[in-house]
Amino acid sequence: MKNDLLCIASSCLDLIFTGMKRLPSPGTEEFSEDFVIKGGGGANTPVAASRLGLRTAFITQLGKDLMGDIMLRFFRDSGMNTEAVIQSKDKRTSVTAVMSLGYERGFASFDKNDLSDVDPEFLEEHIKSSRHVHSHIAYVGTLPMIELAKKHGCTISLDTSWSADRKVEDIKEILKCIDIFTPNEVEACTLTGTEDVREAAHILSRYVKILVVKLGAKGCLVIKGGDLIEVPPVKGIMPVDTTGAGDLFNAGFLYGFLNGFELEKCAQWGNSSGALAVTFPGGMDDSYTYEAVKRIYENNYA
């Protein structure tokens, strides 16, 4: 059976300290109201997609260590197909400590897994067994995912990998080869050198088939063939933590795309999924379910 979705990204175990009054200064200690451990980083989108009911595989690297075992169990509990997960004694599982004030966050991270040594034959085997590939621009330079997706008839979407120095001229040839590009507002404006997000969207849309710009609490923009769709945000959501909201937006949008929805409805599912993401600390939670996302969608758009 083919996977609906193959995600390719590094992932990390998130150690999340929530309800802090301030971030610690050098030489000081601060206490949090709560503490949780969750899978995060590039894992957010495939885990959410799995919970939405897409058959999802994930190429990522874990160590054969305690943190890797926790991550693998987390993936399996989501319903993810874990055949593509690489767990090796030669790797160490990436870890991020997240200190959250609710409106702001600080991070301390260990990440040595850039996927540059993923075997091309292994990559091709899983791409040809999937309908759609989702990854980040950072991995395109080291993995031939675009070429393999084309070879095997897969559609492909890319999110950004933050870089203040990267401009649209640097990535336009990549954008011409993919189906969907999903930057947020800051990333779109930085790439194009403008402060007007609609102008940024129109510039980027010259190079890619479908452009989706995530606007956070303001909803999103979608452009295909020069036609711009403005999708209003979900109402009545009180944010707890914005970690992973963009990743979970992607999962909701791809759920719609892979089920053949019209683009506006895909974006509405993206907004609904991203809105649910801000109601809990970290990138994922047991409260994230298909039923919960559908309920937000129906209350706001149906």
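Values quoted throughout were computed directly from the atomic coordinates according to the rules given, and no laboratory measurement underlies them. Computed from a predicted structure; not experimentally measured. Cβ: placed from backbone, ideal geometry, glycine included. Neighbour counts: every protein chain shown.
Checked against a 21 Å cut-off, the cross-linked pairs Lys64/Lys112; Lys265/Lys294; Lys167/Lys209; Lys2/Lys214; Lys150/Lys172; Lys172/Lys265 give Cα-Cα distances beyond that limit for Lys2/Lys214; Lys172/Lys265.
Shown in residue order for segment 118-126 are the 3J(HN,Hα) couplings computed by the Karplus curve 6.51 cos²θ - 1.76 cosθ + 1.60 at θ = phi - 60°: 5, 5, x, 5, 4, 4, 5, 4, 7 Hz (x for Gly and Pro).
Counting Lys and Arg as +1 and Asp and Glu as -1 over every other residue whose Cβ lies under 15 Å from the Cβ of Thr56, the net charge comes to +1. Highest GNM mean-square fluctuation among Asn81, Asn250, Asn259, for the chain modelled with Cα contacts below 10 Å: Asn259.
Ranked by the mean number of other Cβ atoms within 10 Å per residue, highest first, peptides 33-46, 213-226 order as 33-46, 213-226. The GluC sites (Glu not before Pro) found in segment 186-262 that occupy coil by DSSP, while having at most 15 further C-beta atoms within 10 Å, are Glu195, Glu262.
Mind putting a number on the dipole of the chain about its Cα centre? Charges go on the C-beta only, +1 for Lys and Arg and -1 for Asp and Glu, and I need it in Debye to the nearest 20.
540
Couplings 3J(HN,Hα) of segment 207-220, computed from phi: 10, 10, 4, 10, 10, 10, 10, 7, 10, x, 5, 9, x, 7 Hz, in residue order, whole Hz [Karplus 6.51 cos²θ - 1.76 cosθ + 1.60, θ = phi - 60°; x for Gly and Pro].
Computed from point charges on the beta carbon alone (+1 for Lys and Arg, -1 for Asp and Glu), the dipole magnitude for segment 192-292 about its Cα centre is near 280 Debye. Residues whose amide H lies under 5 Å from that of Val133, counting only those 5 or more places away or on a different chain, are Leu6, Thr155, Ile156, Ser157; hydrogens are built 1.01 Å from N in the peptide plane.
Applying the criteria of a DSSP loop state and at most 12 other Cβ atoms within 10 Å to the chymotrypsin sites (Phe, Trp or Tyr not before Pro) of segment 53-118 yields Tyr103.
Applying the criteria of a DSSP loop state and at most 11 other Cβ atoms within 10 Å to the trypsin sites (Lys or Arg not before Pro) of segment 66-127 yields Lys89, Lys112.
Structure remark: mean-square fluctuation, Gaussian network model of the chain, C-alpha springs under 10 Å; the largest value among Glu173, Glu29, Glu264 belongs to Glu29.
Each Lys and Arg contributes +1 and each Asp and Glu -1, all at the Cβ; summed about the Cα centre of segment 80-210, the dipole is approximately 240 debye.
In the chain, the calculated helix contribution to ellipticity at 222 nm averages -10000 deg cm²/dmol per residue, counting -39,500 (n - 2.57) for every DSSP H run with n ≥ 4.
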